[in-house]
């Protein structure tokens, strides 16, 4: 990671609805926490996804999602989702995540999500809004390009 890159930490208390019969966070809920992380990353940089949809008529569907599970996290624990931008291009953005347990300090999972910018009206590719690209150029300039990890 580049030392100057912004990593935003978001916190979420694991609720009973989030766990499976084994008493641990259900596997698909990790992707929900990644969604929270990327939304909060953008908000911390001064950008809201809602504005992109409402003002620009654009959406960012997930095109690739990965999650590697390392250790369990359970009911009533606080999950800390650390989010960063891995790469971005004119029409895509890829976030990286690390999920940790506040209680046990264990590294529970890591993952990546790539999103593509589309026009909401016809689901055709479109460039990211210029104001969001300006933020990306300012805060993660070395991450421009569709790099693969």
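Every number here is computed from the coordinates shown, using simple stated rules; none is lab data. What you are looking at is a predicted structure, and each value in this text was computed from that prediction instead of being measured. No Cβ is skipped: glycine too gets one built from the backbone with ideal geometry, and neighbour counts run over all protein chains shown.
Are any of the residues in the range 42-65 touching a residue at least 12 places away in the same chain (Cβ under 8 Å), surrounded by fewer than 18 Cβ atoms within 10 Å (Cβ to Cβ) and closer than 21 Å to residue 15 by Cβ?
No: the range 42-65 contains no residue that is touching a residue at least 12 places away in the same chain (Cβ under 8 Å), surrounded by fewer than 18 Cβ atoms within 10 Å (Cβ to Cβ) and closer than 21 Å to residue 15 by Cβ.
Here are some residues: 20, 54. Which one is within 23 Å of residue 119 (Cβ to Cβ) and more than 18 Å from the chain's Cα centre (by Cα)?
Numbers: 20 fails: within 23 Å of residue 119 (Cβ to Cβ).
Every option except 54 fails the conditions.
Check whether at least one residue in the range 91-110 is over 15 Å from the mean Cα position of the chain (by Cα), more than 21 Å from residue 11 (Cβ to Cβ), surrounded by fewer than 21 Cβ atoms within 10 Å (Cβ to Cβ) and in contact (Cβ under 8 Å) with a residue 24 or more places away in the chain, and report yes or no.
Looking only at the range 91-110, we keep the residues that are over 15 Å from the mean Cα position of the chain (by Cα), and these are 91, 101-108.
Now drop any that are not more than 21 Å from residue 11 (Cβ to Cβ), which leaves 91.
Okay, now just the ones that are also surrounded by fewer than 21 Cβ atoms within 10 Å (Cβ to Cβ), so 91.
Applying the additional criterion that residues be in contact (Cβ under 8 Å) with a residue 24 or more places away in the chain yields 91.
Yes; the residues of the range 91-110 include at least one that is over 15 Å from the mean Cα position of the chain (by Cα), more than 21 Å from residue 11 (Cβ to Cβ), surrounded by fewer than 21 Cβ atoms within 10 Å (Cβ to Cβ) and in contact (Cβ under 8 Å) with a residue 24 or more places away in the chain.
Could you list, in sequence order, all residues of the range 10-24 that are touching a helix residue (DSSP H, G or I) at 6+ places or on another chain (Cβ under 7 Å) and either in a loop (DSSP other than H, G, I, E, B) or farther than 14 Å from residue 97 by Cβ (or both)?
Quick first cut of the range 10-24, residues touching a helix residue (DSSP H, G or I) at 6+ places or on another chain (Cβ under 7 Å) only: 10, 12, 18.
Selection gives 18 alone.
State all residues of the range 127-149 that are part of a loop (DSSP other than H, G, I, E, B), out of contact with any helix residue (DSSP H, G or I) (no Cβ under 8 Å at 6 or more places or on another chain) and surrounded by fewer than 19 Cβ atoms within 10 Å (Cβ to Cβ); if no residue qualifies, say none.
Answer for the range 127-149, where residues must be part of a loop (DSSP other than H, G, I, E, B), out of contact with any helix residue (DSSP H, G or I) (no Cβ under 8 Å at 6 or more places or on another chain) and surrounded by fewer than 19 Cβ atoms within 10 Å (Cβ to Cβ): 146, 147, 148, 149.
Somewhere in the range 112-126, is a residue surrounded by 17 or more Cβ atoms within 10 Å (Cβ to Cβ), in contact (Cβ under 8 Å) with a residue 60 or more places away in the chain, under 19 Å from residue 8 (Cβ atoms) and touching a helix residue (DSSP H, G or I) at 6+ places or on another chain (Cβ under 6 Å)?
Looking for residues that are surrounded by 17 or more Cβ atoms within 10 Å (Cβ to Cβ), in contact (Cβ under 8 Å) with a residue 60 or more places away in the chain, under 19 Å from residue 8 (Cβ atoms) and touching a helix residue (DSSP H, G or I) at 6+ places or on another chain (Cβ under 6 Å), one finds at least one in the range 112-126, hence yes.
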